[in-house]
Amino acid sequence: MRFETERPASWQTCLACGHEMTETDPHPRCRSCGGLLEIRHRAPDLTPAELLRRFTERRGHGSGATASGVWRFREVVLPSAETVISHPEGNTPLLHRPSLDRWTGAGNLLLKHEGHNPTGSFKDRGMTVGVTQARRIGATAVACASTGNTSASLAAYASQAGMAALVLVPAEGIALGKLAQSLAYGARTLLVRGDFDDCLRLAEEASAKLGVYLLNSINPFRLEGQKTIVLELLQQLFWQAPDWIVLPAGNLGNTSAFGKALREAREWGLISSMPRLAAVQAAGAAPFARSFDEGFTRRHTVKADTVATAIRIGDPASYDRAVRAIRETDGVVLTADDAELLDAKAAVDASGVGCEPASAASVAGVRQLIRRGLMDPAQQAVAVLTGHILKDPGILLRYHRETEPRPAGANRPVEIDATLGSIEAVLRAATPVSP
Ligand SMILES: *Cc1c(COP(=O)(O)O)cnc(C)c1O
Ligand SMILES: [Zn+2]
């Protein structure tokens, strides 16, 4: 169908065939061709100045949804939502650490730390919108496939909304913190003997059969929430767009959301220049980077393998949306191997900031952009840290205590007898710790 008369505030459009669906249609894909859906909004009936004034007024004020770094931007996220399920979330810091300027070679690298969200990853920004939408359409149960963070977030928000949550995660390779959260927040947690791509396929089949509302990142409402990572960082920069926004890329939901946020921000007069997106994949899970290198003439799938479990994805669901995001922002797609990711993570951790392994892809990406001459050190870059350092304690302990040969950034603990003498012996032998 197509809306011929007065447009509603928002609706869903198929990216493949242009078919349109109402905002409250619960189908996860296009009903006509099975393609990916995108939310479209009527242009806000406020001037850019009025819109920005509202965003400014709400910042740091109020409680509940008004205090949310997602719903603060509600006019461009989901204007018709009335009752929202909000923790609140967002309001994450934009950090600067001189040691990371030195490590990357950038002149003034800013870190947008999404690990400061309530469940420790940016997934909360999508989930507050996704679960709000689930409530609007009367769903009583929600489901997702996940490498861990989506399930942790879904579990928390479903619990807040009083809905049953079903999560499918790979039986092997889910980070400890994420699994622990899903269990603790009370989601029915299925450990699938297979990889993330198997989980995703199963979740789609199960939701169709069992009538459970699907909250994977193919769900277009989640992407509306994730757009606010970009909106909030633009607001923190007083709407002066940076030259580059660099982010880790797995299932490509975030890459797509960032592209849409920038497109709309420009269309609606909130910014005047377009940042370039740099999406960074793990070398062992880089089907999108391969397509980029071939000018997006072909879509690839791989058997994914990387220490960065949040981006261990071989068949990214949001491929089509992400291609558009990279094209429209004159973006690039890079890869970083596991050693680079862990070194970048060690640098982020040692700066006192800390992040989970996948998040470090963005900092590794900045270093590559500088080294390859794609980014000038004088340019402004924002690297997005997607998840909290404690999401994956297993990898931290392996890196610092066990990895041989000893990585440059490893900080070995020393076991001692309970005597002052042994402390003195350690201090005498110690090589100074460099920041
Ligand atoms: C989900 C996630 C990613 C990947 O984002 P996509 O939208 O799947 O590309 C990266 N880092 C962390 C910590 C995540 O949770
Ligand atoms: Zn379609």
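Remarks
Quick grid of which residues meet (1) within 16 Å of ligand 2 (Cβ to nearest atom); (2) buried (at least 18 other Cβ atoms within 10 Å of the Cβ); (3) in contact (Cβ under 8 Å) with a residue 60 or more places away in the chain:
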| site | (1), (2), (3) |
| --- | --- |
| 29 | yes, yes, yes |
| 34 | yes, no, no |
| 48 | no, no, yes |
| 54 | no, no, no |
| 57 | no, no, no |
| 93 | no, no, no |
| 119 | no, yes, yes |
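- Failed item, numbered, when residue 38 is tested on (1) under 25 Å from residue 241 (Cβ atoms); (2) surrounded by 14 or more Cβ atoms within 10 Å (Cβ to Cβ); (3) more than 16 Å from ligand 2 (Cβ to nearest atom): (3)
- Matching residues in the range 292-312 - criterion: being open to solvent by less than 50 Å² (accessible area, probe 1.4 Å), within 24 Å of residue 328 (Cβ to Cβ) and under 21 Å from the mean Cα position of the chain (by Cα): 311
- Considering the range 387-419, and only residues there that are in a loop (DSSP other than H, G, I, E, B) and in contact with a Gly (Cβ under 7 Å, 6 or more places away or on another chain), the residue that is nearest to residue 97 (Cα to Cα) turns out to be 388.
- Test result for residue 107, modelled with pLDDT of 95 or more, assigned by TED's automatic domain parsing to the domain that holds residue 233, open to solvent by 10 Å² or more (accessible area, probe 1.4 Å) and touching an Asp or Glu at 6+ places or on another chain (Cβ under 8 Å): yes
- Within the range 202-243, the set of residues being assigned to a helix (DSSP H, G or I) and β-branched (Val, Ile, Thr) comprises 228, 229, 230.
- Only listed residue being of a type in the set (Ser, Thr, Tyr) and either open to solvent by 50 Å² or more (accessible area, probe 1.4 Å) or within 16 Å of ligand 2 (Cβ to nearest atom) (or both), chosen from 386, 403: 403
- Subset of the range 146-181 (residues that are out of contact with any Ser or Thr (no Cβ under 8 Å at 6 or more places or on another chain) and part of a strand (DSSP E or B)): 166
- A count restricted to the range 132-152 and to residues that are within 16 Å of ligand 1 (Cβ to nearest atom) and surrounded by fewer than 24 Cβ atoms within 10 Å (Cβ to Cβ) stands at 0.
- Restricting the range 221-250 to residues that are open to solvent by less than 10 Å² (accessible area, probe 1.4 Å) and among the small types (Gly, Ala, Ser), the residue that is nearest to residue 122 (Cα to Cα): 225
- Selection status of residue 192, in contact with an Asp or Glu (Cβ under 7 Å, 6 or more places away or on another chain) and open to solvent by 10 Å² or more (accessible area, probe 1.4 Å): yes
- Residue list for the range 406-416, restricted to those being touching a residue at least 24 places away in the same chain (Cβ under 8 Å) and open to solvent by less than 80 Å² (accessible area, probe 1.4 Å): 407, 409, 410
- Residue 100 being farther than 25 Å from residue 266 by Cα, surrounded by 16 or more Cβ atoms within 10 Å (Cβ to Cβ), modelled with pLDDT of 95 or more and hydrophobic (A, V, I, L, M, F, W, C): yes
- Residue list for the range 339-382, restricted to those being closer than 26 Å to residue 399 by Cα and open to solvent by 50 Å² or more (accessible area, probe 1.4 Å): 339, 340, 343, 350, 352, 367, 371
- Elements of the type helices (runs of 4 or more DSSP H) sitting completely within the range 250-339 and holding at least 3 residues that are within 20 Å of residue 380 (Cβ to Cβ): these cover 253-267, 319-328.
- Residue list for the range 155-189, filter: among the charged types (D, E, K, R), open to solvent by 30 Å² or more (accessible area, probe 1.4 Å) and within 18 Å of the chain's Cα centre (by Cα): none
- Residue count for the range 290-311 under the criterion of being out of contact with any Lys or Arg (no Cβ under 9 Å at 6 or more places or on another chain) and under 15 Å from residue 254 (Cα atoms): the result is 1.
The values are calculated or read from the model by the stated rules, or taken from the named source; none is laboratory data. Keep in mind it's a predicted model, so treat the numbers as computed, not measured. Cβ coordinates were reconstructed from backbone atoms using ideal geometry, including for glycine residues, and neighbour counts include every protein chain displayed. We work out accessible area using only protein heavy atoms, side chains counted, and drop any ligands, DNA or RNA first. Shrake-Rupley method; radii C 1.70, N 1.55, O 1.52, S 1.80 Å.
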